[in-house]
1. Every residue in segment 136-164 that is of a type outside the set (A, V, I, L, M) and under 17 Å from residue 199 (Cβ atoms), please.
2. With 176, 184 as the choices, which residue is at pLDDT 90 or above, part of a loop (DSSP other than H, G, I, E, B), closer than 30 Å to residue 85 by Cα and among the hydrophobic types (A, V, I, L, M, F, W, C)?
3. If you scan segment 1-40, which residues turn out to be at pLDDT below 85, under 30 Å from residue 72 (Cα atoms) and in a loop (DSSP other than H, G, I, E, B)?
4. May I ask you to say which residue of 122, 81 is over 30 Å from residue 155 (Cβ atoms), within 18 Å of the chain's Cα centre (by Cα) and of a type outside the set (Lys, Arg)?
5. Are any residues in segment 303-322 closer than 20 Å to residue 277 by Cβ and among the hydroxyl-bearing types (Ser, Thr, Tyr), and if so, which ones?
6. For residues in segment 250-265 being in a loop (DSSP other than H, G, I, E, B) and of a type in the set (A, V, I, L, M), which is modelled with the lowest pLDDT?
7. Please pick out the residue among 76, 93, 132 that is at pLDDT 85 or above and of a type in the set (A, V, I, L, M, F, W, C).
8. Closer than 16 Å to residue 202 by Cβ and among the aromatic types (Phe, Trp, Tyr), is that true of residue 320?
Amino acid sequence: MFKKVPKTVWSLIIVVASIMPFGLMKTDYYFMAPGPPYQWDIKIEGTEFYDYEGNLYQLTVRRDEANYFTYIWAKVDNSVDLYSREVILPKGVTPQELSEISMQNMKTSENVAIAVALDSLDYEIETQGDGVLVVGILEDSPVAGKLLKEDLITSINNEEIKSTTEFIALLRTYEIGDIVSIGIIREGIKKSIETKLIEHIDYENEPMVGFLASTPNQRFVFPISIDIDTGNVGGPSAGLMMALNVYNSLIENDITNGIKVAGTGTIEIDGSVGPVGGVKQKVIAAKNAGASLILVPTANFNDIKSYIDDDTNIIPVDTFKQALEVIFEYSSR
């Protein structure tokens with residue numbers, strides 16, 4: 001015998017069913033929410049490696065197009081933020097292309113992280129690449145109409161660049177408002193453009209040109225084989241923690257000393273740590289995972305220092321070396 005469903009329940013089901021199609025409609029926003037922390041699975045061949053008891057969590061965010069249900073969710077949940085579509089998705093770039101760019105950036109970040117970790121342990125490495133490929137122009141960018149999709153950038157002020165990591169590292173030697181000359185190859189012809197550097201749309205006091213980029217054929221020649229299983233996680237913000245994980249796997253003494261460390265930050269070939277998006281969501285995820293030490297880029301620190309409490313230390317870092325020093329000092333207490 002089945003119990004009779006009360007009329008109020010049927011009424012609720014009817015209301016939910018009637019609004020369901022509307023709720024699933026896309027808005028003009030993207031949402032960003034805390035994602036799961038990752039402990040990378042790293043495979044190493046060609047040298048001795050070590051397991052460790054502590055954690056070096058990479059922090060992630062969930063980011064996707066917001067429907068009306070997730071839009072309302074963001075309005076009532078402080079851990080979820082909304083971003084207008086043009087901030088996340090540059091003009092002329094499809095969501096599928098954005099996903100592909102994100103995965104490519106992750107692969108590039110993985111290789112740079114391995115290079116930084118190996119270099120800090122005095123391994124010999126080589127890097128090669130074909131330049132910086134323009135894959136999209138941001139809305140209201142000063143290079144709109146000057147740079148075109150598929151342009152290959154090869155220099156800044158006549159200094160040769162072979163990858164996006166070199167491009168970003170060189171860009172950081174300039175100031176917001178500086179005029180720079182960018183050398184490009186367009187349809188096989190060498191050209192140059194001039195543009196003013198603007199403030200990054202996400203990171204305070206960080207200069208940018210205003211386009212999305214990838215590195216065609218970026219490759220490193222490593223003396224040993226290292227593979228990081230990144231799964232379906234994309235973007236460049238895992239660089240710092242990947243480098244720390246690789247480093248800790250190659251030394252006998254565990255730098256974590258058994259504690260939970262979490263962090264985020266891009267990594268450049270010179271070891272510098274750069275800002276990331278969604279830092280609030282990442283810190284919330286780290287706290288939920290029970291991390292007692294959280295590393296963030298210095299450029300992001302002002303956005304999340306209010307989350308420091310008796311159970312959580314949030315430390316800003318500028319370089320891979322500094323991150324190592326912070327972990328050593330904290331885990332040795």
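1. 139, 140, 141, 142
2. None of the other options fit; the residue is 176.
3. Selection gives 5, 6, 24, 25.
4. Of 122, 81, the one residue that is over 30 Å from residue 155 (Cβ atoms), within 18 Å of the chain's Cα centre (by Cα) and of a type outside the set (Lys, Arg) is 81.
5. 306, 307
6. Top of the filtered list is 259.
7. Exactly one of 76, 93, 132 is at pLDDT 85 or above and of a type in the set (A, V, I, L, M, F, W, C), namely 132.
8. So residue 320 does not fit the description; no.
The values are calculated or read from the model by the stated rules, or taken from the named source; none is laboratory data. This structure is a prediction, so every number in the text was calculated from the model and none was measured. Note that we place each Cβ from the backbone using ideal geometry, even for glycine, and neighbour counts take in every protein chain shown.
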